[in-house]
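Here's the structure we're looking at; comments come further down.
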Amino acid sequence: MRTINKIIIHCSAGNQKNTAKDIIAYHLMPKVLGGRGWKAPGYHYIIEADGQTLRTWPEESISNGCKGQNAHAINVCYIGGVDTTKPGYPPVDNRTPAQKAALIKLLKTLRLKYPKARIYGHRDFAAKACPSFDATKEYADL
Ligand SMILES: [Zn+2]
C-alpha cells in the first residue's frame, strides 16, 4: 500500500471541451509526436466540464501531476482553469457548478479513504497558478 498524505488539485489548463481521454492521451504520447512522453499520466481522477468524474489511473500507482510530491499523493484534475479566449491563456477559476459538486464528492470520498491526507492545490508546491483557485482554503473543512 502507498502511504497517501496529500490530495493535490489541478486544472487541465486547456479548453473546457477537452475530455479526460484527451488529457491522458497527451500525457502518454511520445514527445516526438507532440505529447509529454510520460509513462504514467498526470492524474488519478479527471472531472470533465459536465461533472463526470473519471478514474484515469489506479490509486495504488504513482501519477505524474506534481513534481517531488507524487509518491504519496493522489492527483485530481478538473478540465479548464484558463481563459482560452485570451492570449497566453491566463488562469481563471471557471469550474462549472457540476465540477464544483463533483470535486467535493470525490474529495470527501478520498478523505474517508485516506484520513491522514491533506488537500492542496498544485500552486502550493510550484510557482504556478494551477488549479486557478485556493484549494487549501476552499477545502479546509473537508
Ligand atoms: Zn497542476
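The values are calculated or read from the model by the stated rules, or taken from the named source; none is laboratory data. Being a predicted model, the structure only gives us computed values, none of them experimental. For neighbour counting, all protein chains shown are included, and Cβ atoms are generated from backbone atoms with ideal geometry for every residue, glycine included. Heads up: the accessible areas ignore ligands, DNA and RNA and are worked out on the full protein's heavy atoms, side chains in. Shrake-Rupley method; radii C 1.70, N 1.55, O 1.52, S 1.80 Å.
Quick rundown of the values:
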quantity	calculated
Region 113-122 - phi-based ³J(HN,Hα) in whole Hz, Karplus 6.51/-1.76/1.60, Gly and Pro as x	6, 10, x, 8, 7, 9, 9, 10, x, 3
Over the chain: helical MRE at 222 nm, DSSP H runs n ≥ 4 each giving -39500 (n - 2.57), nearest 500	-6000 deg cm²/dmol
Over 22 Å (Cα to Cα) - which of Lys6/Lys31; Lys108/Lys128; Lys86/Lys128; Lys39/Lys86; Lys21/Lys113 fall in this group	Lys6/Lys31; Lys108/Lys128; Lys39/Lys86; Lys21/Lys113
Under Karplus coefficients 6.51, -1.76 and 1.60, residue-wise ³J(HN,Hα) of region 35-46 in Hz, glycine/proline x	x, 8, x, 7, 7, 10, x, x, 9, 7, 9, 10
Beta bridges per DSSP with both ends in the chain, % antiparallel, nearest 5	25 percent
Built amide H within the under 5 Å cut-off of Cys11, gap 5+	Tyr78
More than 23 Å apart - percent of Cα-Cα pairs taken over the chain	28 percent
Interchain or long-range residues, amide H under 5 Å from Ile119's placed H	Ile7
Residues of region 6-138: accessible area per residue with a 1.4 Å probe, Å²	53 Å²
Cα centroid of region 1-54 to Cα centroid of region 109-140, whole Å	16 Å
Per-residue HN-Hα couplings for region 91-101 [Karplus 6.51, -1.76, 1.60; θ = phi - 60°; Hz; x = Gly/Pro]	x, 8, 7, 10, 4, 6, x, 5, 5, 4, 5
FRET efficiency, Met29 to Leu142 (Cβ-Cβ, R0 30 Å, nearest 0.05)	0.35
With every protein chain in place, the chain: carbon and sulfur % of accessible area (1.4 Å)	56 percent
Prolate/oblate/rounded label for region 88-134 (Cα gyration tensor, a/c 1.5)	oblate
